[in-house]
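S.K.: Got a structure for you, written out below as C-alpha cells; questions coming shortly.
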Amino acid sequence: MARYTGAVCRQCRREGQKLFLKGERCYSDKCSVGVRAYAPGQHGQGRKKSSEYGLQLRAKQTARRFYGVQENQFHHYFEIAERKQGVTGDNLLQILESRLDNVVYRARFASSRAEARQLVGHGHFEVNGKRVDIASYLLKAGEVVSICEKSRGSEKFKAIVEANGAKPVPAWMDVDREKLSVKVLNLPNREQIEAPVDEQLIVEYYSR
C-alpha cells in the first residue's frame with residue numbers, strides 16, 4: 001500500500017481527535033479538529049452508529065496513523081507482539097514506540113513524526129555511532145541516537161532544537177541537549193506511553 005500523501009488533517013478529523021501529525025499547527029487555533037470537529041467528506045456531519053467491528057477498525061486506524069505506519073507493516077508488528085511474552089497490546093505499543101523515527105520525535109529532534117521520518121531517511125542520525133537511515137529501525141535499551149556531526153551545524157536543526165528544547169521528554173529516555181543525543185534507558189511500559197489508542201480493540205480486530 002502506498003503512503004498517504006493527502007491532507008493529514010483529514011486523518012485527525014476522521015478519527016475525531018488530534019493525532020499531532022503537523023507539529024506546532026496541532027497546538028494552535030488553526031488545528032482542523034478544533035475548527036471542524038466532524039469527519040471529512042460529504043457525509044461527515046451525518047449521524048453515525050458504530051458497530052463493534054467499526055470501533056475496532058477505528059482503533060487500529062488511529063494507532064496506524066498516529067505512528068505513521070503502513071498497513072502491512074502494522075500487521076507485521078502485531079504478529080511480532082503476539083509472539084512475545086506479555087500482553088499483546090502493550091507489546092505492540094512498545095514496538096511502535098521503539099521505532100527510530102518515533103524516538104527522534106519523542107526526543108524533540110523533530111516537530112512531528114513525519115518530519116522525523118524524513119530526517120532519518122536523509123541520513124541525519126546515527127545509532128551507536130553508525131549512520132542509520134531506516135525510520136522503522138527498532139531500538140533496544142541502551143542504544144544511543146545522535147545527530148550526525150555534519151548535520152549539527154545546520155540552521156534547520158538549530159531551529160528545531162531551539163523551538164522544542166523546553167518540551168518534556170518521556171522518562172524512558174535520556175536526552176543530552178549538549179551532545180544532541182538521546183539514550184534509550186529502557187523500553188517503555190504502557191503507563192509511560194502517551195498515545196490516544198485503545199490497544200485492546202486492536203487485539204480484538206486482529207483476533208476476529
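S.K.: Going down the table (84/158; 84/150; 60/140), which pairs top 29 Å between alpha carbons?
M.R.: 84/158; 84/150
S.K.: Let me ask something else. Please list 3J(HN,Hα) in residue order for the stretch 69-74, calculated via the Karplus relation 6.51 cos²θ - 1.76 cosθ + 1.60 where θ = phi - 60°; whole Hz, with x for glycine and proline.
M.R.: For the stretch 69-74, the Karplus curve yields 10, 7, 4, 4, 5, 5 Hz.
S.K.: What are the ³J(HN,Hα) values, in whole Hz, obtained from phi via the Karplus relation 6.51 cos²θ - 1.76 cosθ + 1.60 with θ = phi - 60°, for each residue of the stretch 130-137 in sequence order, with x given for Gly and Pro?
M.R.: 10, 5, 10, 10, 10, 4, 8, 4
S.K.: Tally Lys and Arg at +1 and Asp and Glu at -1 over the other residues with C-beta under 13 Å from the C-beta of residue 128: what net charge comes out?
M.R.: +2
S.K.: How much length is gained if the chain between residue 185 and residue 50 is pulled fully straight, taking 0.36 nm per residue apart and subtracting their Cα-Cα distance, in nm to one decimal?
M.R.: Working it through step by step, the gained length comes to 44.6 nm.
S.K.: On a full-extension model of 0.36 nm per residue, what is the gain between residue 206 and residue 141, subtracting their alpha-carbon distance, rounded to one decimal in nm?
M.R.: Gain in length upon complete extension: 20.6 nm.
S.K.: Using a Förster distance of 25 angstrom, determine the FRET efficiency expected from the C-beta separation of residue 71 and residue 171, and round it to 0.05.
M.R.: The calculated FRET efficiency here is 0.20.
S.K.: State the Cα centre-to-centre distance between the stretch 178-193 and the stretch 104-145 in whole Å.
M.R.: Cα centroid to Cα centroid, the span is 12 Å.
S.K.: Along the Cα→Cβ direction, 7 angstrom out, place labels at residue 132 and residue 87. What is the inter-label distance in nm?
M.R.: Rounded to a tenth, the inter-label distance reads 2.6 nm.
S.K.: Shape verdict for the stretch 99-187, please, from the Cα gyration tensor: rounded (a/c under 1.5), prolate (a/b greater than b/c) or oblate.
M.R.: Because its axes are fairly even, with a/c under 1.5, the stretch 99-187 counts as rounded.
S.K.: Using per-residue counts of other Cβ atoms within 10 Å, averaged over each peptide, order 87-98, 144-155 from highest down.
M.R.: 87-98, 144-155
Every number here is computed from the coordinates shown, using simple stated rules; none is lab data. Remember, it's a predicted structure, so these values are computed and weren't measured experimentally. Every residue, glycine among them, receives a Cβ derived from its backbone with ideal geometry; neighbour counts consider all protein chains shown.
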